[in-house]
Amino acid sequence: MLRAVPLKLGRLYRFAKLAVLGSLAAALVLNTQSLLGSLQRNELAERRFLQLHKCPACWGTSWCRKFLNGQLRLESWGRLRLLDAFNVKNVFFARYGEPREGSRRVVLKRLGSARELADIDAKICRRATGRGRCDLPQALPATEFASLNGAVRLLTPAAVEGWSDLVHCPSQRLLDRLVRRYAETKDSGSFLLRNLKDAERMQLLLTLAFNPEPLVLQSFPSDEGWPFAKYLGACGRMVAVNYVGEELWSYFNAPWEKRVDLAWQLMEIAEQLTNNDFEFALYLLDVSFDNFAVGPRDGKVIIVDAENVLVADKRLIRQNKPENWDVWYESKFDDCDKEACLSFSKEILCARVTVDHNYYAICQNLLSRHATWRGTSGGLLHDPPAGIAKAGRLEALLDECANPKKRYGRFQAARELRQYLAQLSGSSR
């Protein structure tokens, strides 16, 4: 009797697997003609697929000429709309071709799932008309996204504070930077909001409220050494960014030397985002193996998902001097039973000059034995060589970085861990 259960379960699993495969096969047969059509036509040159008709309730138009001229084409499987049900994040891979540069791979993002995009449409309509459906281009001017018209000189903290993680506690200096570097306008370079066209202002504000990732990439660009993917442009509700490489997750079982180098880079990213000459602290509120990628040629680690980044202006904190502003803040270890857990207070991140959040996030969710992802544990630095394991220093530093036992232990452990990983990687950094 005890053996009958797993046998029955095995049969049920095989039956379910066959049923799913049969359903897919039937769908392929029934939709052969439409599938062939999808493979032959270039949907990235179609205004409807790009949702260009929804502008200015969209992300921008700077790359529309490239899209509509057919310079971008979805890669093979991405052309099959039948598979959209599995593409919950609405991320696509495409080839972009320039006459002189040849073809290269890019990543296209709708910046939200189909449900999330439908929700934002419904919210715009309800705020403008009281109904769940409407003509978006006509409705948007009746919302708060159009309240900052051409007479308004600056984008101010009072207007957008709390709209998203990026502007949870914005300073005027940060907002001027966002406007000045806004890439979806021909007149970029000015911090004056009134220099943007009405449609551009609404696109900027909608992006800021719904998914500010493009604004993070534009304001802290890779060309200036920031560890983010390069922003290329947008058309309708499709944003193009540079393809970096395979996700960090694909290196989970890479050779030890490679994993050590990647771990060192991750700790350097944590340091750069926390302490830099611009005195902006960029705190990563969502840290998982899927949010980083590695360049195939240079092996450089890059952040490829920057939706949940909180920016605190250290100059403003020093100026306003909120309560305990100069007291070092230690993040609390979160020993939860879910993947990629983080414990943080946005209000504290916005009110302290010295914060260990980024070190905590990287150590707990990516490097230490507390890191869990897709059924694995042990983090990126799992199974070290016998000599390193026996010495015990690496494990001790990782544990103190993730879950410190002494006051301000994480700050010290993070500094020593960066030095130790550089030493282990054999570099002379």
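Annotations for the structure displayed:
- q = 0.20, 0.26 Å⁻¹, region 371-429: log10 I(q)/I(0) [Debye, one scatterer per Cα]: -0.84, -1.15
- For the set 370, 53, 357, the ranking by accessible area, highest first and with no ligand, DNA or RNA atoms included, is 53, 370, 357 under a 1.4 Å probe.
- In order along region 231-248, the Karplus-derived 3J(HN,Hα) couplings, from 6.51 cos²θ - 1.76 cosθ + 1.60 at θ = phi - 60°, round to 7, 10, x, 9, 8, x, 10, 9, 10, 10, 10, 5, 6, 8, x, 5, 4, 4 Hz, and Gly and Pro are given as x.
- Calculated accessible area for region 297-429 comes out at 51 Å² per residue, all protein chains present (probe 1.4 Å; ligands, DNA, RNA ignored).
- Protein-only accessible surface order, largest first, of 244, 301 at 1.4 Å: 244, 301
- Surface accessible to a 1.4 Å probe, residue 156 within the full protein complex, Å²: 50 Å²
- The heavy atoms of residue 388 offer some 30 square angstrom of accessible surface to a 1.4 angstrom probe.
- Cα gyration tensor category, rounded, prolate or oblate, for region 146-189 with a/c compared to 1.5: oblate
- Residue-averaged 222 nm ellipticity for the chain, from DSSP H runs of 4+ at -39500 (n - 2.57), nearest 500: -11500 deg cm²/dmol
- HN-Hα J in Hz across region 62-75 - Karplus 6.51, -1.76, 1.60, θ = phi - 60°, x for Gly and Pro: 4, 10, 4, 4, 5, 5, 5, 7, x, 7, 10, 9, 5, 6
- Calculated SAXS-style log₁₀ I(q)/I(0) at q = 0.19 Å⁻¹ - region 263-349, Debye, Cα scatterers: -1.03
- Of 332, 406, 197, the one that fluctuates the most in a GNM where the chain has Cα springs shorter than 10 Å: 406
- The label point for residue 151 and the one for residue 91, both projected 7 Å from the Cα toward the Cβ, are 4.4 nm apart.
- In the chain, the C-alpha radius of gyration followed by the widest Cα-Cα span (Dmax) gives 24.0, 79 angstrom.
- Cα gyration tensor category, rounded, prolate or oblate, for region 246-427 with a/c compared to 1.5: prolate
- Accessible area (Å², 1.4 Å probe, nearest 10) - residue 92: 10 Å²
- In percent, rounded to a whole number, the relative contact order of the chain is 12, using alpha-carbon pairs under 8 Å and six or more apart.
- Each label point was placed 7 Å from the Cα along the Cα-to-Cβ direction; for residue 246 and residue 376 their separation is 1.1 nm.
- P(r) tail, region 310-355: Cα-Cα pairs separated by more than 15 Å, 46% of all pairs.
- Computed label-point distance, nm, for sites residue 406 and residue 129 using a 7 Å Cα→Cβ extension: 6.5 nm
- By accessible area, using a 1.4 Å probe on protein heavy atoms only, the chain has 52% of its surface on carbon and sulfur.
The values are calculated or read from the model by the stated rules, or taken from the named source; none is laboratory data. If you're wondering where the values come from, they're calculated on a predicted model, not measured in any experiment. Every residue, glycine as well, gets a Cβ built from its backbone with ideal geometry; the counts of neighbours run over all protein chains shown. Just the protein is used for accessible areas: all its heavy atoms, side chains included, with ligands, DNA and RNA removed. Shrake-Rupley method; radii C 1.70, N 1.55, O 1.52, S 1.80 Å.
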